[in-house]
Number of protein chains: 2
Amino acid sequence: IEQAFVIKSSNTPSVTEEKVDGHSSEEIINLDHGDPTMYESYWKNVGSKYTVTIPAYQSLSYFSNAKNLCWFLEPKLEEEIKKLHKVVGNAIVQDHYIVVGTGSSQLIQAALYALCDSLNEPNPISVVSAAPYYSSYPEVTDFLRSRLFKWGGDARSFDEDGPYIEMVTSPNNPDGVLREPVVKRAKGMLIHDFAYYWPQYTAITSPADHDIMLFTVSKCTGHAGSRIGWALVRDQNVAKKMVKFVELNTIGVSKEAQLRAAKILEVITASCQRVKPHDLENFFEHTHNLMAERWKKLQDSVKNNKLFYVQKYPLQQCNFTGDFTETYPAFAWLKSKEGIDCEKLLREHKILTRSGRRFGSDQEYVRISMLSRVDEFDLFLQRLSTIRRISSGNSEL
Amino acid sequence: IEQAFVIKSSNTPSVTEEKVDGHSSEEIINLDHGDPTMYESYWKNVGSKYTVTIPAYQSLSYFSNAKNLCWFLEPKLEEEIKKLHKVVGNAIVQDHYIVVGTGSSQLIQAALYALCDSLNEPNPISVVSAAPYYSSYPEVTDFLRSRLFKWGGDARSFDEDGPYIEMVTSPNNPDGVLREPVVKRAKGMLIHDFAYYWPQYTAITSPADHDIMLFTVSKCTGHAGSRIGWALVRDQNVAKKMVKFVELNTIGVSKEAQLRAAKILEVITASCQRVKPHDLENFFEHTHNLMAERWKKLQDSVKNNKLFYVQKYPLQQCNFTGDFTETYPAFAWLKSKEGIDCEKLLREHKILTRSGRRFGSDQEYVRISMLSRVDEFDLFLQRLSTIRRISSGNSEL
């Protein structure tokens with residue numbers, strides 16, 4: 001995540017400077033990270049009765065439910081997580097423990113700790129994922145230089161014996177592809193990252209049922225500022241160890257954020273009912289339409305441009321809607337013609353994206369957030385459409 | 001932190017069973033951790049106008065202020081932190097960066113990372129603290145088996161050359177003593193943990209002005225469930241690295257919790273003004289009186305008991321109140337007669353405490369939370385007063 005969301009040029013804009021929808025042509029559009037501000041428009045429409053109020057005397061204690069394995073999980077959030085999975089049908093909650101985390105980032109680290117700490121291996125356990133993989137996986141695995149685990153790179157070239165962990169992200173970040181494990185060796189342990197396995201992005205083809213499944217409010221509802229994620233964990237000892245990690249790392253998870261997330265999930269579940277409040281549009285239907293519209297615009301824009309390509313995704317039937325749908329990923333995985341440093345080229349046009357190199361891939365690729373506010377998204381498409389030739393710094397074709 | 005806050009006995013209580021204030025004599029009192037529920041009574045009295053409301057469309061973004069070094073810090077919280085330190089006079093904010101964390105636990109880890117990662121030392125850097133030290137320091141330093149830092153034990157016996165980090169906790173957890181660094185070697189780096197440097201616990205003798213100073217809402221206001229802490233950091237590069245840690249670990253800090261904490265700090269600051277809302281009692285005065293009263297009760301109880309001792313603390317003038325005051329620590333550091341396993345003895349009387357061994361000290365000591373709800377505190381004193389002789393399992397005197 002870059003520290004700058006929108007960086008204004010330090011030049012004072014001249015009066016005659018071109019403006020588009022109130023945006024200066026000097027303005028940098030930051031699509032490097034997946035800040036889900038697209039969702040603001042839905043939440044502005046739901047009205048004030050879904051506001052959360054927290055009195056000053058509430059939630060002083062560290063504890064939410066001392067009898068629960070996850071003692072800092074708010075019972076109301078647990079209940080709403082179960083209801084939402086039941087309505088959407090994207091995961092089996094039964095026979096799993098729910099562990100809440102400060103975003104799924106924390107839960108990735110909790111899962112690595114839980115899986116590795118009890119093995120007492122002499123060497124750090126390799127953590128792998130098929131390229132292109134989420135750029136945070138190597139960083140998050142290695143930043144503390146743990147002796148428990150280490151980043152092992154692209155799962156497709158992993159050929160060591162002994163225990164390893166494979167991150168399976170489906171739909172995948174950055175490229176939106178539906179994923180299965182690729183290593184399939186005897187002592188493999190899997191972490192399924194289902195941040196994007198929701199109906200606005202992809203067909204829900206069956207309820208996922210794995211050992212460790214990670215979800216996050218950020219990409220489901222758009223409330224990234226809340227920092228709430230959850231894990232569905234089959235094995236009790238692994239769940240206990242993950243709870244231990246969150247206890248040591250942050251002594252639990254903010255109660256205010258959990259209570260707010262519970263309310264937001266409740267609203268989404270209510271919006272999916274056949275009989276629902278008149279002021280609630282079906283959340284997944286509404287946001288699925290937004291994603292479909294944005295992807296159509298991007299594909300049209302790229303079609304008329306000889307420099308860039310985006311992938312097409314297969315049609316699949318969604319059990320949640322009953323309809324056939326393509327995948328509309330939260331990121332575009334844009335490819336430019338060979339020999340072009342795509343991130344650099346777009347940066348010259350004041351569009352910040354994340355280079356394919358960060359994902360274990362090539363410089364021809366960039367990852368671009370599809371979840372920005374509508375004016376930023378339109379400005380991005382407009383600028384993209386003006387890139388006709390290679391500017392200085394990239395080798396001429 | 002234990003997973004059980006109050007564990008009821010699984011036996012169905014008989015009708016004739018003794019009850020004290022609605023508590024069964026079978027009930028376990030958990031004073032192992034410092035759950036600050038004592039503060040609930042103050043916050044129940046402040047009235048509903050200090051409630052926080054968060055509409056559904058608020059704070060979706062990861063970002064709070066992209067232009068700030070700490071890009072996930074809510075401007076309102078930053079403002080209230082500055083105001084509170086100014087009113088209390090316990091720390092110099094000027095020439096320091098404010099980094100917010102998911103509790104000060106996360107910020108301890110962020111500081112260790114920030115100080116060690118840039119040094120590129122071949123061996124992990126030792127982290128030390130004078131015994132008795134906070135039991136979390138060794139755990140939090142070592143649980144990921146980092147190659148960057150390792151727990152080095154009691155600062156008083158540390159005699160290695162080269163860089164090291166000393167944790168200076170003042171007033172100290174567990175024993176409430178005011179602390180200075182003890183190692184004082186050339187390449188030392190200091191982290192000052194000021195969780196308890198607030199007027200309800202101790203005299204504010206001067207504004208602290210160190211390289212890294214940690215504070216937490218949990219022990220200041222009692223809102224431990226919010227998981228909000230902050231660091232005042234002098235060096236820009238260290239602050240940047242701490243921000244990087246929080247970014248990798250949890251991608252920032254819950255916005256709801258920050259907004260709530262900002263409101264709570266605002267109330268406290270308002271309560272300290274000479275001209276203040278009529279429904280607000282001065283927070284620090286009120287809670288200082290609560291602490292003084294509890295300590296008097298404990299000292300009276302121990303005075304009549306030949307088995308236990310508690311420390312006396314010196315009188316000092318407090319610049320915040322203008323009065324002379326003793327330290328009233330958030331924990332009692334109870335010592336029993338020699339040869340007694342104090343934690344075990346109290347556990348036999350259904351009082352859970354933390355053994356001195358966990359703090360690098362002896363089994364004669366236990367740490368006991370002084371911040372429980374009033375009925376639990378009174379029940380604790382009542383049970384303590386009944387312990388006259390050593391029961392089975394402890395060697396006879």
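The values are calculated or read from the model by the stated rules, or taken from the named source; none is laboratory data. None of these values were measured; they are calculated from a predicted model. Here the Cβ positions follow ideal geometry from the backbone for every residue, glycine too, while neighbour counts run over all protein chains shown. Ligands, DNA and RNA are stripped out before the accessible areas are found, and what is left, the full protein with its side chains, is counted by its heavy atoms. Shrake-Rupley method; radii C 1.70, N 1.55, O 1.52, S 1.80 Å.
Identify which of B:SER355, B:SER385, B:SER369 has the largest mean-square fluctuation in a Gaussian network model of chain B, with springs joining Cα atoms closer than 10 Å. Result: B:SER385 has the largest fluctuation of those listed.
With all protein chains in place and ligands, DNA and RNA left out, the 1.4 Å accessible area ranks A:ASP117, B:ASP95 as B:ASP95, A:ASP117, largest first. Would you work out which of B:HIS278, A:SER59, B:ASN30 lies farthest towards the positive end of the dipole of the protein assembly as shown, given +1 charges on the beta-carbon of Lys and Arg and -1 on that of Asp and Glu, about the Cα centre? Of the candidates, B:HIS278 comes out farthest on the positive side. Just checking the listed ones, B:GLY47, B:GLY188, B:GLY222: in the Gaussian network model of chain B with Cα springs under 10 Å, the one fluctuating most is B:GLY47. Out of the range A:26-74, which trypsin sites (Lys or Arg not before Pro) are coil in DSSP terms and have no more than 13 other C-beta atoms within 10 Å? When the trypsin sites (Lys or Arg not before Pro) of the range A:26-74 are filtered for loop state and at most 13 Cβ neighbours within 10 Å, A:LYS67 remain.
Among the trypsin sites (Lys or Arg not before Pro) within the range A:246-329, those in coil by DSSP and having at most 16 neighbouring Cβ atoms inside 10 Å are A:ARG274, A:LYS306, A:LYS312. Short version: which residues of the range B:235-263 lose at least 20 Å² of accessible area, all chains versus chain alone, 1.4 Å probe? Those are B:PHE245, B:GLU247, B:LEU248, B:ASN249, B:THR250, B:ILE251, B:SER254, B:GLU256, B:ARG260, which lose 20 Å² or more relative to the chain on its own.
Mean partner shielding of peptide B:29-35, defined as the number of other chain Cβ atoms within 10 Å of each residue Cβ, is 2.
Placing a label point 7 Å from Cα along the Cα-to-Cβ direction at B:LEU119 gives distances to the equivalent points in the other copies of 3.0 nm, listed shortest first.
Rolling a 1.4 angstrom probe over chain B with all protein chains present gives an accessible area of which 48% lies on carbon and sulfur atoms. Relative to the longest principal axis of the Cα atoms of chain A, the long axis of helix A:283-303 makes an angle of roughly 30 degrees.
3J(HN,Hα) couplings calculated from phi for the range B:333-338 with the Karplus curve 6.51 cos²θ - 1.76 cosθ + 1.60 (θ = phi - 60°) are, in sequence order, 10, 7, 10, 9, 4, 4 Hz; Gly and Pro show x. The stretch between B:GLU338 and B:SER118, if pulled fully straight at 0.36 nm per residue, gains 74.6 nm over its current Cα-Cα span. For a label point 7 angstrom out from the Cα of A:ALA186 toward its Cβ, which stretches of the range A:105-127 have the backbone nitrogen within less than 11 Å? Nothing falls inside the zone, counting backbone N under 11 Å. The long axis of helix B:374-386 is offset from the longest Cα principal axis of chain B by roughly 40 degrees. Counting, for every residue in A:217-228, the Cβ atoms of other protein chains within 10 Å of its Cβ and taking the mean gives 5. Rounded to the nearest 20 debye, the dipole magnitude of the range B:237-369 is 400 debye, with +1 charges on Lys and Arg beta carbons, -1 on Asp and Glu beta carbons, and the Cα centre as origin. Of the candidates A:GLU78, A:GLU26, A:GLU266, which one comes out as most mobile in a Gaussian network treatment of chain A with C-alpha springs shorter than 10 Å? Of A:GLU78, A:GLU26, A:GLU266, the most mobile in the Gaussian network model is A:GLU26.
Dipole orientation for the range A:43-136: of the candidates A:LEU69, A:VAL88, A:VAL46, A:VAL46 has the Cα lying most toward the positive pole (charges on Cβ; Lys, Arg +1; Asp, Glu -1).
Pairs over the 28 Å Cα-Cα cut-off, from the set A:LYS67/B:LYS312; A:LYS263/B:LYS82; A:LYS44/A:LYS297: A:LYS67/B:LYS312; A:LYS263/B:LYS82. Is chain B rounded, prolate or oblate when judged by the Cα gyration tensor, a ≥ b ≥ c being the square roots of its eigenvalues, rounded requiring a/c under 1.5 and prolate requiring a/b larger than b/c? Note, shape of chain B comes out oblate.
With contacts taken as Cα pairs under 8 Å at a separation of at least 6 residues, chain B carries a relative contact order of 22 percent. To the nearest 10 degrees, how steeply does helix A:75-88 sit against the main Cα axis of chain A, on a 0 to 90 scale? That works out to roughly 60 degrees. Accessible surface buried at the B:A interface totals approximately 6500 Å², computed with a 1.4 Å probe on protein heavy atoms. Annotation for the range B:314-350: GluC sites (Glu not before Pro) lying in DSSP loop with at most 15 further Cβ atoms inside 10 Å of their Cβ are B:GLU338. Between copies, the label points of B:ASP375, set 7 Å from Cα on the Cα→Cβ line, lie 5.5 nm apart, reported in increasing order to one decimal in nanometres.
Rounded to the nearest 20, the size of the Cβ-charge dipole of the protein assembly as shown about its Cα centre is 360 debye, with Lys and Arg at +1 and Asp and Glu at -1.
Distant-in-sequence amide contacts of A:LEU73, defined by a placed amide H-H separation under 5 Å and a gap of 5 or more residues or a different chain, comprise A:SER64, A:ASN65.
Shielding value for B:66-76 is 2, the average number of Cβ atoms from other chains within 10 Å of each residue's Cβ. If you wrap the Cα atoms of the range B:224-348 in a convex hull and average its projected area over all directions, you get 13.1 nm². About its Cα centre, the dipole of chain B is roughly 300 debye, where the only charges are +1 on Lys and Arg Cβ and -1 on Asp and Glu Cβ. A Förster distance of 41 Å, applied to the separation of the beta-carbon atoms of A:SER136 and A:SER385, puts the FRET efficiency at 0.85.
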